[in-house]
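First up is the structure itself, then whatever we jot down about it.
The values are calculated or read from the model by the stated rules, or taken from the named source; none is laboratory data. Fair warning: this is a prediction, and the values are worked out from it, not measured in the lab. Every residue, glycine among them, receives a Cβ derived from its backbone with ideal geometry; neighbour counts consider all protein chains shown. Calculation scope for accessible area: heavy atoms of the full protein, side chains included, ligands and nucleic acids excluded. Shrake-Rupley method; radii C 1.70, N 1.55, O 1.52, S 1.80 Å.
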Amino acid sequence: SLRDLFAGHSSPLYRLMEYQLGWRDERGEPLEAPLPQPRIHAGLCLLAAHATGGDIQKAVPAAAAVELVYQFTQVHADIQDGSQQRHNQPTVWWIWGPAQAINAGDGLHALAKLSLLRLHEHGGSPDDSLRLMQTLDAACLRMCEGLHVELVFQERVDIAPDTYLHMAHEKVGALLGCALELGVMAGAPASNAASYLRQFGEGLGVA
């Protein structure tokens, strides 16, 4: 499903995105054996659908979307942190520069939206796509707020434990909770477990 979202695109920009996903090398050539990466957010999304008695296939577009949003945040975070390595290879910005890395991150974010618009291929409605998109965007905003606070904290020495934990709740927990919530919403819409699993994911992020 992730690879299908890249089909038909010829711009070199997509090679940067596919490099981030572990599919290409630094020259933009396809890897015979893609680099192993933990698809934690996508996995949690599908597990939530399965655990609540839903249809995993219906949750696949949501799983791809939340995974791409996570990858977008990692590309941008590597720039913010000045990280030169991720998954034992040079980061996107370290190879192609910060400006092109921002373009790649933004492209991953846009592909995430397009993935949610493919829910109809699995029996979803346009309203379903909008509800999931609203949920994902709300979580993404919370995550950005957490990232902003984390950068502010780097200039301070008076951070209390509760304040730090709240930052972690937003920075990491928001998207993990969203991954589980989307799995229920897409795969098992009749279930009332979405909010409970979201809270579990948020706690997992803090942990």
query = Mind checking the dipole of the chain: about its Cα centre, +1 per Lys or Arg Cβ, -1 per Asp or Glu Cβ, Debye to the nearest 20?
reply = 300
ask   = Residue by residue, what Karplus-based ³J(HN,Hα) values in Hz, rounded to whole numbers, does the range 101-109 have, using 6.51, -1.76 and 1.60 with θ = phi - 60° and x for Gly and Pro?
value = 5, 4, 4, 5, x, 5, x, 4, 5
ask   = Once the Cβ-Cβ distance between ASP106 and ALA33 is put in as r, and R0 is 22 Å, what FRET efficiency do you end up with, to the nearest 0.05?
value = 0.20
key: Whole-Hz ³J(HN,Hα) from phi, Karplus 6.51 cos²θ - 1.76 cosθ + 1.60, for the range 138-144, glycine and proline x   = 4, 5, 5, 5, 4, 5, 5
query = Å³ per residue of the Cα convex hull, for the chain?
reply = 121
key: Size of charge dipole - the range 80-151 - debye, nearest 20, with Cβ of Lys, Arg +1 and Asp, Glu -1, no other charges   = 140
note = Probe 1.4 Å, heavy atoms of protein chains only: per residue, the accessible area of the range 1-143 in Å² is 50
task = Taking the Cα centre of the range 8-81 as origin, sum charge times position over the Cβ atoms of Lys and Arg (+1) and Asp and Glu (-1), and report the length of that vector in debye to the nearest 20.
result = 220
ask   = Counting only protein heavy atoms and using a 1.4 Å probe, what share of the accessible area of the chain belongs to carbon plus sulfur, as a whole percent?
value = 56
ask   = Any idea what diffusion coefficient the range 94-190 gets from Stokes-Einstein, in µm²/s, Kirkwood Rh on alpha carbon pairs, 25 °C, 0.890 mPa s?
value = 159
ask   = Can you give the accessible area of ARG86, probe radius 1.4 Å, in Å² rounded to 10?
value = 60
inquiry  = How large is the accessible surface of THR163 in square angstrom, using a 1.4 angstrom probe and rounding to the nearest 10?
reply    = 60
inquiry  = Restricting things to Cα coordinates, could you compute the convex hull volume per residue of the range 1-103 in Å³?
reply    = 105
query = How far apart, in nm, are two points set 7 Å out from the Cα along the Cα-to-Cβ line at ALA138 and at ASP81?
reply = 2.8
message = Taking 8 Å as the Cα distance limit and 6 or more residues as the minimum spacing, I'd like the relative contact order of the range 77-207 as a percentage.
response = 18
ask   = So how exposed is VAL152, as accessible area in Å² (1.4 Å probe, rounded to 10)?
value = 60
key: Convex hull (Cα only) mean projected area of the range 101-143, reported in nm² to one decimal   = 3.2
task = On a C-alpha basis, how far is the centre of the range 138-194 from the centre of the range 54-124 in Å? Whole number, if you could?
result = 17
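Quick check: net charge around ALA77, other residues with Cβ under 15 Å of its Cβ, Lys/Arg +1 and Asp/Glu -1?
So the surrounding residues net to -4.
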